[in-house]
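The values are calculated or read from the model by the stated rules, or taken from the named source; none is laboratory data. Given the structure is predicted, the values throughout are model-derived calculations rather than measurements. Ideal geometry is used to build each Cβ from the backbone, glycine not excepted, and the neighbour counts take in all protein chains shown. Areas reflect the complete protein model, heavy atoms only, side chains present, ligands, DNA and RNA absent. Shrake-Rupley method; radii C 1.70, N 1.55, O 1.52, S 1.80 Å.
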Protein chains: 2
Amino acid sequence: MRILLIGAAGRLGTAVGGALADRGHDVLAVGRTSGDLRFDIADPAQITELYERVGKVDAVASAAGDVPYKPVADMTPDDYESAFRGKVLSQVELVRQGLANVAERGSFTLVTGVLSREPIPTGSAASMANGALDAFVRAAAIEIAPQRINAVSATVFTESLEEYGDFFPGIRPVDVADVAQAYVRSVEGGQTGQVYTLD
Amino acid sequence: MRILLIGAAGRLGTAVGGALADRGHDVLAVGRTSGDLRFDIADPAQITELYERVGKVDAVASAAGDVPYKPVADMTPDDYESAFRGKVLSQVELVRQGLANVAERGSFTLVTGVLSREPIPTGSAASMANGALDAFVRAAAIEIAPQRINAVSATVFTESLEEYGDFFPGIRPVDVADVAQAYVRSVEGGQTGQVYTLD
């Protein structure tokens, strides 16, 4: 399949790209600051340009999303707005604008995360964004069929413990390679409206 | 208790106000276009003014939230943004800005809705907003204790079947009086981080 991968240069994106390539897929790597296709999906207009550039694809996989981390009391309206634009609207628009470009039985796979289910201090904007996406995936699935949409929602990666482990005390991490397999499952499987959890 | 009620003039707000008054509480009714306190919580600056006006309260209850309904393909980035500002950020800011005004063991009760769990066609923005709030409530709860926060998430009201029943085929409605009791449960109970479901 011809697969558009957003956030291809990140830790998750690199693993997803590798897993999809190992399965024989043709991966088109998109990044804000690296790769052949340089687009920032936080800007809806750049998503339009991206789809104009790449044309038809069989699947869209996203491993990109930015949210701020602060105590609730220190957040500002702009922080929540930034989480919305940087992780929610960006991926919602990737789907909405991509409907005309993805194959009839093609798929969208979005990235959410464990914080919608299991919160941590300073994570309220991330929880909000992930909860929004989990629910959007269920809602969009019943409208866009036979095109499919799923999300991947993992806890902290084994490979990220050094940076983020202190935020996840006593929580068993998952290997990023296992998270990448959830993307393979979404892309090659037949399910839709699912949030694949790894925690 | 002294309770600030947002969206007091709506169908849900009227029932919540009545249920709280029946329990002997002093309800301060807030509305965009009616009531003694006229403020639009979709504007964070008006939330600041509202709290300056009312001072200390024991609880904040919200029955206010606007989202657009359209097929995914007909939505625009502004529609999703409008759902975010009109239902999510408005209630998030009601909590964040209210931390200094609500009693030490006081509570916030927000309104979400069934569409985060059970989607309907044209409801993707509502699903997104409700999912965001369900998760925010869980996340904020662990930071703001001993202040508490819960959400009420109901399916279609019996009293709204004439207007909205066609969107909920085969779904058993709930009486708005029962939904109002979930607010009483949140305000007078001891739980936090809960989404009280009625469906």
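Show the residue pairs that are 6+ apart or on different chains and have beta-carbon atoms under 6 Å apart, the first residue being within the range B:51-78 and without any contact (Cβ under 8 Å) to a residue 12 or more places away in the chain, the second being open to solvent by 20 Å² or more (accessible area, probe 1.4 Å).
Between residues of the range B:51-78 that are without any contact (Cβ under 8 Å) to a residue 12 or more places away in the chain and residues that are open to solvent by 20 Å² or more (accessible area, probe 1.4 Å), the close pairs are B:Ala73/A:Leu99; B:Pro77/A:Pro44.
Quick one: which of A:Pro119, A:Pro146 is away from chain B (no Cβ under 11 Å), on the phi < 0 side of the Ramachandran plot and not in a helix (DSSP H, G or I)?
On inspection, the qualifying residue turns out to be A:Pro146.
Please count how many residues of the range A:123-143 are touching a strand residue (DSSP E or B) at 6+ places or on another chain (Cβ under 7 Å), facing another protein chain (nearest Cβ under 7 Å) and among the aliphatic types (A, V, I, L, M).
Number of matching residues: 1.
In the range A:121-171, what residues are over 23 Å from A:Val16 (Cβ atoms) and surrounded by fewer than 24 Cβ atoms within 10 Å (Cβ to Cβ)?
A:Pro121, A:Thr122, A:Ile142, A:Glu143, A:Ala145, A:Pro146, A:Asp166, A:Pro169, A:Gly170
For residues in the range A:172-189 being surrounded by 15 or more Cβ atoms within 10 Å (Cβ to Cβ) and aliphatic (A, V, I, L, M), which is farthest from the chain's Cα centre (by Cα)?
A:Val174
What are the pairs with Cβ atoms under 8 angstrom where one residue, in the range B:32-50, is part of a helix (DSSP H, G or I) and the other, located anywhere, is of a type in the set (Ser, Thr, Tyr) and open to solvent by 50 Å² or more (accessible area, probe 1.4 Å)? Sequence gap at least six, or different chains.
Filtered contacts from the range B:32-50: no entries.
So B:Gly170 clears everything in (1) of a type outside the set (Ser, Thr, Tyr); (2) more than 10 Å from every other protein chain (Cβ to nearest Cβ); (3) part of a helix (DSSP H, G or I); (4) without any contact (Cβ under 8 Å) to a residue 24 or more places away in the chain except one condition, right? Which one?
(3)
Which number in (1) out of contact with any Leu (no Cβ under 9 Å at 6 or more places or on another chain); (2) in contact (Cβ under 8 Å) with a residue 12 or more places away in the chain; (3) more than 23 Å from B:Arg138 (Cβ to Cβ) marks the one condition that A:Leu89 misses?
Here A:Leu89 clears every test but (3).
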